[in-house]
Amino acid sequence: MTTPEPAVGPGAAVTYGCVLSPAELAPRALPQPRGTLSAFLADMLGGPVRTLEHPPGPDDDALFGEDGALALYCLYELHYRGFAGVADGWEWEPSLLRLRRDLEDDLDARLRREIAAADLAMTAPPRREPAAWIGDALRELVDAPGGPSVSRHLAERGSLEEFREFAIHRSLLQLKEADPHSWAIPRLRGAAKAALVEIQADEYGDGVQRDMHQTLFGLTMRTLGLDPSYGAYLDRVPAATLATVSLPSYLGLHRAHRGALVGHLAVFEMTSVAPMSAYSAALRRHGLPPAARLFFDTHVVADAHHQGVAADSLAAGLVRDEPALTDDLLFGARAAMALEDHAARPILAAWEAGDSSLR
Ligand SMILES: [Fe+2]
Ligand SMILES: [Fe+2]
């Protein structure tokens, strides 16, 4: 399904008139189990909706364990597009929600331990009202020297095969980009809501399917010779990457964490421009056509604007209206930084060793 191809950029004839087909947008089958709980879910969810009498616990933890993290990822996916062959009614089955809650309690505790261990920069908040300093605090957090950088590696010396692996890692989030943060829209009010909608409108291509950032990432995948179908690579993606997707799902599904979801989005917008520019440079170095780079080039421009909106209108607007959410906002921002760093390290270590970073 295509629409006419306009030129993008100075004199460029870019093939970006691509939207994903209905089959590519449709949900996929449940993933291969990675342990006791994910096997139990694969077995149960394929059948009729019913009460789960004695669900097993996961073999490991809900943040970075392969079994627990995959189980939680699957339970969250029921709130997005679901899985082929899984009845829609499972989404609100109380016994499944109880299981999800147990995993989330573990996830939340693990997140707070990760944040404490990550020792993230952020000076003690001053006593002034939070709306006056929250933007600077977020800037301090994202500007602090970070760990190893996937984008820098790919721009400077990474192979095209490594870039394709990177795209597979990111596909779970980018092919539903903006969806987790949209849960905050009905939960915010006033200036913060308006700022969030301003960002989200861009993320959804101002209502043009071809321009939705989700679509643009599909175009990148296709140009790289990868399958742009929603969730196509779930079986290949390790828990550390799944955690980066489940985090905004967790925050988005709990109104109590609307502050953290705003903090998460703010960090995403504020850490985008340089890496997106580096990814685009990597693709140019490998001779990929402009269509492959459009997702990244679009973000360089859009997020140069979004980063200011996120810090000074969205985050500041929220804590001006609801100062009690300040700590939660910072929790979401720190969690985003910690999980991105945790996901990047094993990817770079695998490449350094000449191995694949995928399962
Ligand atoms: Fe985007
Ligand atoms: Fe953005």
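The values are calculated or read from the model by the stated rules, or taken from the named source; none is laboratory data. This structure is a prediction, so every number in the text was calculated from the model and none was measured. Here the Cβ positions follow ideal geometry from the backbone for every residue, glycine too, while neighbour counts run over all protein chains shown. For accessibility, only protein heavy atoms count, side chains too; no ligands or nucleic acids. Shrake-Rupley method; radii C 1.70, N 1.55, O 1.52, S 1.80 Å.
Scan segment 194-207 residue by residue and report those that are more than 20 Å from the chain's Cα centre (by Cα) and either under 13 Å from Gly317 (Cα atoms) or among the aliphatic types (A, V, I, L, M) (or both).
Ala194 - this is the single residue of segment 194-207 that is more than 20 Å from the chain's Cα centre (by Cα) and either under 13 Å from Gly317 (Cα atoms) or among the aliphatic types (A, V, I, L, M) (or both).
Are there any helices (runs of 4 or more DSSP H) wholly within segment 196-275 with 2 or more residues that are away from ligand 1 (no atom under 15 Å from the Cβ) and buried (at least 23 other Cβ atoms within 10 Å of the Cβ), and if so which?
239-253, 258-270
Are any of the residues in segment 283-291 of a type in the set (A, V, I, L, M), more than 16 Å from ligand 2 (Cβ to nearest atom), at pLDDT below 95 and in a helix (DSSP H, G or I)?
Scanning segment 283-291, I find at least one residue that is of a type in the set (A, V, I, L, M), more than 16 Å from ligand 2 (Cβ to nearest atom), at pLDDT below 95 and in a helix (DSSP H, G or I), so the answer is yes.
Among the residues of segment 283-307, count how many are without any contact (Cβ under 8 Å) to a residue 40 or more places away in the chain and away from ligand 1 (no atom under 16 Å from the Cβ).
2
Could you count how many residues in segment 162-195 are in a helix (DSSP H, G or I), basic (Lys, Arg) and more than 14 Å from ligand 1 (Cβ to nearest atom)?
Matching residues across segment 162-195 total 3.
So the check is Cβ under 6 Å with 6+ separation or different chains; which pairs have a first residue in segment 250-278 that's closer than 14 Å to Ala178 by Cβ and a second one that's open to solvent by 30 Å² or more (accessible area, probe 1.4 Å) and within 14 Å of ligand 1 (Cβ to nearest atom)?
Glu269/Gln307
Please count how many residues of segment 292-307 are open to solvent by 10 Å² or more (accessible area, probe 1.4 Å) and more than 16 Å from ligand 2 (Cβ to nearest atom).
1
A quick yes/no check of all residues on (1) closer than 27 Å to Met270 by Cβ; (2) touching a helix residue (DSSP H, G or I) at 6+ places or on another chain (Cβ under 7 Å); (3) crowded, with 21+ Cβ neighbours inside 10 Å; (4) not assigned by TED's automatic domain parsing to the domain that holds Ala324:
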| site | (1), (2), (3), (4) |
| --- | --- |
| His79 | yes, yes, no, yes |
| Ala84 | no, no, no, yes |
| Glu93 | no, no, no, yes |
| Pro125 | yes, yes, no, yes |
| Glu165 | yes, no, yes, no |
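Do you know which of the residues in segment 208-230 that are aliphatic (A, V, I, L, M) and over 20 Å from the mean Cα position of the chain (by Cα) is farthest from Glu24 (Cα to Cα)?
Among them, the one singled out is Val208.
Looking at (1) without any contact (Cβ under 8 Å) to a residue 24 or more places away in the chain; (2) within 12 Å of ligand 1 (Cβ to nearest atom); (3) open to solvent by less than 50 Å² (accessible area, probe 1.4 Å), which is the only condition Ala310 fails?
That leaves (1) as the condition not met.
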